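The values are calculated or read from the model by the stated rules, or taken from the named source; none is laboratory data. In this text, all values refer to a predicted model and were calculated from it rather than measured experimentally. So basically every Cβ, Gly included, is an ideal-geometry build from the backbone, and we count neighbours across all protein chains shown.
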Amino acid sequence: MIKTRTKIVIPVCVVLAILIAFSVKYFNMSSGSGSFNITRAIELNTKNSMKMYYHSFSGNKYTSLKLKKGDKLILNVSVTTKQGNLKVSLNNGNNKELFSTENPKKTVTKTININENDNYRLKVSGKHKGSFYIKWRVES
């Protein structure tokens with residue numbers, strides 16, 4: 001009986017380990033930086049998007065984008081607000097704000113011309129209940 005369980009448990013553990021490694025590598029379940037508190041949240045991030053559903057979010061979260069002079073950054077920002085305020089912004093390396101929107105009622109699409117090589121920050125900040133979905137692409 002024990003040998004039968006071992007024959008089942010070991011392959012199941014191997015499959016779970018592979019699935020977890022795949023999820024972390026390809027879906028980056030918790031990317032970005034910042035200082036924030038969240039409760040009852042689901043977060044799904046990729047290299048070109050940030051998505052989070054939560055009961056509450058407080059603070060700021062950002063992801064870094066390395067962009068070059070001449071690039072065009074196309075942003076799509078969707079926010080669902082049940083309560084509070086949420087601001088989405090793009091700042092350059094000197095912390096100059098190049099774009100922002102707060103509690104948009106519908107999807108905001110914005111094209112930003114990049115004038116210098118720099119590390120930019122796409123930032124979400126506020127005290128909020130709801131969700132956000134930000135996706136972007138870069139055209140050279």
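Being at positive phi and assigned to a strand (DSSP E or B) is a description that applies to Gly126.
Condition check for Gln83 on (1) surrounded by 10 or more Cβ atoms within 10 Å (Cβ to Cβ); (2) modelled with pLDDT of 65 or more; (3) not β-branched (Val, Ile, Thr): one failure, at (1). Close Cβ contacts (under 9 Å, 6 or more residues apart or on different chains) running from residues in the range 78-97 that are more than 20 Å from Lys127 (Cα to Cα) to residues that are hydroxyl-bearing (Ser, Thr, Tyr) comprise Asn92/Tyr120; Gly93/Tyr120.
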